[in-house]
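To start, the structure under review is shown below, and the notes come after it.
The values are calculated or read from the model by the stated rules, or taken from the named source; none is laboratory data. Just so you know, these numbers come straight off a predicted model, no measurement behind them. Cβ: placed from backbone, ideal geometry, glycine included. Neighbour counts: every protein chain shown. Ligands, DNA and RNA are stripped out before the accessible areas are found, and what is left, the full protein with its side chains, is counted by its heavy atoms. Shrake-Rupley method; radii C 1.70, N 1.55, O 1.52, S 1.80 Å.
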Amino acid sequence: MKKKLVVLTGAGISAESGIKTFRDSDGLWEGHNVMDVATPEGWRKNPALVLDFYNQRRKQLKEVAPNLGHQILAELENEFDVYIITQNVDDLHERAGSTNVLHLHGELLKVRSTKNPNYILDWQEDLNFGDLDENKNQLRPHIVWFGEEVPALDEAITLTQSADYFAVIGTSLQVYPAAGLIDFTARETPIFYIDPKPIKIPNLRNPLDVIPEVASEGMKTLKKKLIEFI
């Protein structure tokens, strides 16, 4: 029976594919203040800007590809029962071949109703004014904006609690509630932390192995370490 590997991924793993992260540029995301394009207030203030912003991100996503970090995670399904909890809204994990991916912050290639959060559609092209749900309500990006609830959090906590091994890859561990998931690991669960600039994790009860590398190089190291447990 395969051991369960639960992995929390952040912007660092997608950055190597060319997707920019706002935390590397003083709060700007592709030149925009995140408060203008990633909050309910921004949507109410200037929905045209928000729609255009995510239309551009959707176009950009078609121009990038999974990197070695994504690919090694997918390959680990041969040896482990792998579940990925990602803060990323791209589909690079899925395109690399990972089969169990939980998106905490929504998905760029989906949209939802502004009135019914359970009305969700796959969406590959631009989203425009006049694109409506079945009850004539405007559709919006299926993104969990700052200040909104994280619907997938309970499922993420349950996965974390059941992990035999837990890995953190390419995340600053500063965006909550995602950063708090590490506290739900069982006390004996080994934690692996891959980041070129790792922060200190306070009050951690678990065995911790810090791998201070970018995601792709760190994943090579992690794979070797995990194989040793088999």
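Overview of results
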{"read-out": "Relative contact order (%) - the chain, alpha-carbon pairs under 8 angstrom, separation at least six", "value": "23 percent"}
{"read-out": "When the range 127-191 is reduced to its Cα atoms, the Kirkwood hydrodynamic radius in Å", "value": "14.5 Å"}
{"read-out": "Spin-label pair Asp154/Lys197, simplified geometry with 7 Å Cα→Cβ offset, distance in nm", "value": "3.7 nm"}
{"read-out": "Summed residue charge, Cβ within 13 Å of Leu159's Cβ, Lys/Arg positive, Asp/Glu negative", "value": "-3"}
{"read-out": "Selection of GluC sites (Glu not before Pro), the range 53-98, meeting DSSP coil and at most 16 other Cβ within 10 Å", "value": "Glu63, Glu79"}
{"read-out": "17 Å tail of the calculated P(r), the range 191-230, as % of Cα pairs", "value": "31 percent"}
{"read-out": "Sequence-distant aspartates and glutamates (8 or more away, or on other chains) whose Cα lies within less than 16 Å of Lys223", "value": "Glu75, Glu77, Glu79, Asp81, Asp164, Asp195, Asp209, Glu213"}
{"read-out": "Residues of the range 80-96 with amide N under 19 Å of the 7 Å Cα→Cβ point at Glu188", "value": "81"}
{"read-out": "Share antiparallel - DSSP beta bridges, the chain, percent rounded to 5", "value": "30 percent"}
{"read-out": "Estimated FRET transfer efficiency when R0 is 30 angstrom, pair Val210-Glu30 (beta carbons, to 0.05)", "value": "0.50"}
{"read-out": "Members of Lys4/Lys197; Lys45/Lys110; Lys115/Lys200; Lys200/Lys224; Lys110/Lys200; Lys62/Lys136 lying beyond 31 Å, as alpha-carbon distances in this model show", "value": "Lys115/Lys200; Lys110/Lys200"}
{"read-out": "Solvent exposure of the chain as accessible area per residue, Å², 1.4 Å probe", "value": "50 Å²"}
{"read-out": "Trypsin sites (Lys or Arg not before Pro) lying in DSSP loop within the range 20-102, provided at most 10 other Cβ fall within 10 Å", "value": "Lys62"}
{"read-out": "Furthest towards positive pole of dipole, Ser98, Thr171, Val82, structure part the chain, Cβ charges", "value": "Thr171"}
{"read-out": "Radius, Kirkwood style, for the range 42-110 when every pair of distinct Cα atoms is counted (Å)", "value": "13.4 Å"}
{"read-out": "Relative contact order [Cα under 8 Å, 6+ residues apart], the range 115-230, whole percent", "value": "17 percent"}
{"read-out": "Options His32, Pro196, Ala48, ranked by Cα towards positive dipole end of the chain, top entry (Cβ charges)", "value": "Pro196"}
{"read-out": "In the range 127-222, trypsin sites (Lys or Arg not before Pro) in a DSSP loop with at most 10 other beta-carbon atoms within 10 Å", "value": "Lys136, Arg187, Lys200"}
{"read-out": "Cα-based convex hull volume of the chain per residue, rounded to whole Å³", "value": "122 Å³"}
{"read-out": "Nearest-0.05 FRET efficiency for Gln124 and Glu77, computed from C-beta distance (R0 35 Å)", "value": "0.85"}
{"read-out": "Efficiency of FRET from Cβ geometry, Lys224 and Phe146, R₀ 30 Å, rounded to 0.05", "value": "0.20"}
{"read-out": "Alpha carbon convex hull of the range 101-152, volume per residue in cubic angstrom", "value": "86 Å³"}
{"read-out": "Distance in nm between pseudo-label sites at Lys20 and Asn55 (7 Å out along the Cβ direction from Cα)", "value": "1.9 nm"}
